[in-house]
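Derivation of every value follows stated rules applied to the coordinates shown; laboratory data play no part. Remember, it's a predicted structure, so these values are computed and weren't measured experimentally. Heads up, the Cβs are rebuilt from the backbone with ideal geometry, glycines too, and the neighbour counts pull from every protein chain shown.
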Amino acid sequence: MNHLFGAGKNGPLPQTNWNGLYAGVVGGRALAAVRGTGTDGNAGIPPEIGNNGTGFHAGGQVGYNWMLSSRVVVGVEGDFSHLGINHASDNYYNVGDAILTIDTSWIATLRGRLGYSTGPALLYVTGGAAWVKVKDFFWADNHAGVTSIRTLSGWAAGGGIETALSGNWSAKTEYLFVDAGRGATLDGGGAYII
């Protein structure tokens, strides 16, 4: 949900004034897919491990919109959220015992928006930069485990619909795909590396 500052109340439909600074809260469901491939020194076969986790995110956002015409809106938006995904997987090809865990703590994005106003609704696409704080842990076959804590950078792209409510309030539904790039190389004791 967002609040538009300083633009005055919206006029009668179908015109909605999307111009100006806005701030709000964000939240929802988060899904993560992590894949690791490497070498299995015991088998000589390229092993693979996957980890799909779900969680939630909650935080805030701030942005600014410019109306180029009565229908075309461009803007810039930044957000920062807690990202609560903590999941472990032991599905490592050709290894009896192995574990890969991921634990995310936050996500931030800085994106542009391009939208089309239908009046009370704004249909838009969005894209830009993304950062995710990730902690990975890998352990295999009684070797010492190894941990990596990094802030990964990548890109984000998606789209959504924002609907004008009462006064300067609006609500939106958005899908955002984030590719946070590659994590660290994790060496599970020399025999297993991902």
Label-point gap, in nm, between L123 and V25 - each point 7 angstrom along Cα→Cβ:
3.0 nm
Label model pair V72, K172: point-to-point distance (7 angstrom along the Cα→beta-carbon line) in nm is 1.9 nm
